[in-house]
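K.L.:
Sharing a structure with you now.
Taken together, the values in this text are just the output of simple stated rules run on the coordinates, not laboratory data. None of these values were measured; they are calculated from a predicted model. Backbone-built Cβ (ideal geometry, glycine too); neighbour counts: all protein chains shown.
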Amino acid sequence: MTMSLIEQTEQAGVVTLTLNRPEALNALNTDLIAELGSVLAALEAHAGLRGVVLTGAGEKAFVAGADIAEMRDKTPEQARYFASQALTVLKRLETLPVPTVALVNGYALGGGCELALACDWAIATDNAFFAQPEVGLGIIPGFGGTQRLPRRVGPAMALDLITTGRRIDANEALRIGLVNRVIALDERDATIAELTKQFSRNGPNAMRAAKQAVHDGQDQDLDSALALETSLFALGFAGEEQREGMSAFLEKRKAAF
Ligand code: COA
């Protein structure tokens, strides 16, 4: 495996990962999935990490899906293995301890939409298109789409998209809550710079705790989830970060996190 399908840059603890397999519009094949897994494993061990932005190289595609050429001749056992490898990597992305943002620049089809869904939230450039077109290929989504899409946009809208396979543009994605914002394509770098500024001025432990509270609380009943919030809120008072953040406010200066 060559470590060359993903470009990685870092600014103030915010890492931008750029998927770069242009000959197949960044389609997810075994090599790209494996490389993403290795990159994420290294980021898990990065103590100074404050955020991750995931995007696609170029102006045409975020990810045009799982690699259809690679999938065509798979047996059911091979298909199960392929999907389970991808699911493990997407789970790794979802459970990174820092905020993760998909910056969707163009096509996010099938596995591309599923990859965006494994990030905490998403921004679309105005040329983006989303779809779960798998039924048109005679299969169903296999990288989490039947589960994460309904959790993001509701089961009725998810089944609309999954059973029609229709493409939606950035504005419809915004309207249904699949993405949080739409930006112009040429605002990509400025958007990453702005996110970097925001993530780097916040308490890093606080951002991690906030993500943990939201994620872990989703699968619990409200009372248990609120108790989790209280525990994490209280834990925030155990370290230096809270004292520095509050002292900085009271002393009218910037916090040094
Ligand atoms: N898997 C494998 N290769 C893919 C791919 C995928 N999911 N998506 C695109 N490619 C390849 C094309 O085969 C083509 O390769 P070639 O130059 O060797 O012929 C190259 O990427 C460029 O794609 P092309 O179709 O020529 O570009 P386009 O601008 O005409 O269309 C799309 C772009 C994204 C609309 C079209 O490529 C497409 O529909 N892709 C498949 C989307 C899909 O069904 N994804 C879900 C998979 S589960």
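K.L.:
As an exercise: evaluate T191 against (1) hydroxyl-bearing (S, T, Y); (2) crowded, with 18+ Cβ neighbours inside 10 Å; (3) more than 21 Å from the chain's Cα centre (by Cα) and give the number of the one condition it does not meet.
P.N.:
Every condition holds for T191 apart from (3).
K.L.:
Given the structure, is L174 free of Cβ contacts under 8 Å to residues at least 12 places away in the same chain, more than 27 Å from D73 (Cβ to Cβ) and aliphatic (A, V, I, L, M)?
P.N.:
Spelling it out, it is not the case that L174 is free of Cβ contacts under 8 Å to residues at least 12 places away in the same chain, more than 27 Å from D73 (Cβ to Cβ) and aliphatic (A, V, I, L, M).
K.L.:
Using the structure shown, decide if G177 is of a type outside the set (D, E, K, R), under 15 Å from the mean Cα position of the chain (by Cα) and within 16 Å of the ligand (Cβ to nearest atom). Steps first, answer last, please.
P.N.:
Values: of a type outside the set (D, E, K, R): yes; under 15 Å from the mean Cα position of the chain (by Cα): yes; within 16 Å of the ligand (Cβ to nearest atom): no.
So G177 does not fit the description; no.
K.L.:
Would you check which residues across region 143-161 are outside any helix (DSSP H, G or I) and touching an Asp or Glu at 6+ places or on another chain (Cβ under 9 Å) and list them?
P.N.:
F143, G144
K.L.:
Which helices (runs of 4 or more DSSP H) does region 24-142 wholly contain that include 2 or more residues that are buried (at least 24 other Cβ atoms within 10 Å of the Cβ) and within 13 Å of the ligand (Cβ to nearest atom)?
P.N.:
Result: 111-117.
K.L.:
While we're on this one: For region 194-237, enumerate the residues that are touching a Lys or Arg at 6+ places or on another chain (Cβ under 9 Å), surrounded by 14 or more Cβ atoms within 10 Å (Cβ to Cβ), closer than 17 Å to P97 by Cβ and among the polar types (S, T, N, Q).
P.N.:
S200, N202
K.L.:
Checking R151 against (1) within 16 Å of the ligand (Cβ to nearest atom); (2) closer than 30 Å to L235 by Cβ; (3) of a type outside the set (A, V, I, L, M), which single condition isn't satisfied?
P.N.:
Checking R151 against (1) within 16 Å of the ligand (Cβ to nearest atom); (2) closer than 30 Å to L235 by Cβ; (3) of a type outside the set (A, V, I, L, M), the one that fails is (1).
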